[in-house]
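The values are calculated or read from the model by the stated rules, or taken from the named source; none is laboratory data. The model shown is predicted, which means the values in this text are computed figures rather than measured ones. Please note: Cβ atoms are built from the backbone with ideal geometry, for glycine as well, and neighbour counts cover all protein chains shown.
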Amino acid sequence: MGWIIAIIVGGIAGWLASKVMNRDASMGIMWNVIAGCVGSVVGNLIANQFGIVGSVQKFSLTGLIVAFVGAVIVLGIMNLVQRGRVR
């Protein structure tokens, strides 16, 4: 059950991050979920360094925010690689 919640939270975080980074037109639902899940891992690694625990295995606002910030970082890196600049 935890993986299903992680995928749903990752999808929401990826979708929100794609809206903020202005990449929604070039990304589909699957890429939103992938960016959100990878972003969740990145966000949790960064948050754990600051003592913030934001697990997405159970739904919480902290977990969603950590996943969103991680997804924005992942999309920023994708913009750098693809376009040579961060929007």
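Counting only residues that are modelled with pLDDT of 80 or more and touching a helix residue (DSSP H, G or I) at 6+ places or on another chain (Cβ under 8 Å), region 48-64 holds 1 of them.
Among the residues making up region 1-12, those that are under 11 Å from Ile34 (Cβ atoms) and of a type in the set (Gly, Ala, Ser) are Gly10, Gly11. The residue that is surrounded by the fewest Cβ atoms within 10 Å (Cβ to Cβ), among those in region 15-30 that are modelled with pLDDT under 80 and not in a loop (DSSP other than H, G, I, E, B), is Ala25.
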